[in-house]
Amino acid sequence: FWNSVNDEKYYSEFTVKELIKICSYYGIDKDVKATKCKKNDIVSTIVYYESLPENYEIVEKRVRFCDYIDEMLNDNKMKKYI
């Protein structure tokens with residue numbers, strides 16, 4: 001489903017704040033905050049979480065929702081509502 005090498009490169013472009021939001025969506029933000037992870041540790045945690053087959057549906061849903069947000073932000077009429 002996900003290629004971890006590409007994901008680590010992909011997620012390395014995110015800010016820590018954005019990564020924490022992803023962790024929050026997955027419900028793993030408390031674990032990341034409690035261990036005071038550095039950015040590369042947060043990325044590894046997300047990549048690991050997304051690689052687990054039992055998390056496929058939630059990952060797919062988050063990716064789909066993010067795509068929707070991107071699409072709306074790129075629409076001149078819709079972006080003012082976001």
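The values are calculated or read from the model by the stated rules, or taken from the named source; none is laboratory data. Keep in mind it's a predicted model, so treat the numbers as computed, not measured. Virtual Cβ from ideal backbone geometry, glycine too; neighbours counted across all protein chains shown. SASA here: full protein model, heavy atoms, side chains in, ligands and nucleic acids out. Shrake-Rupley method; radii C 1.70, N 1.55, O 1.52, S 1.80 Å.
Scanning region 16-40 for residues that are open to solvent by 70 Å² or more (accessible area, probe 1.4 Å) and either over 21 Å from Phe65 (Cα atoms) or not in a helix (DSSP H, G or I) (or both) returns Lys30, Asp31, Lys33, Ala34, Thr35, Lys36, Lys38, Lys39, Asn40. If you go through region 43-82 and pick out every residue that is within 15 Å of Glu18 (Cβ to Cβ) and of a type in the set (A, V, I, L, M), you end up with 6.
For region 1-20, a tally of residues being under 19 Å from Val32 (Cα atoms) and modelled with pLDDT under 65 returns 1.
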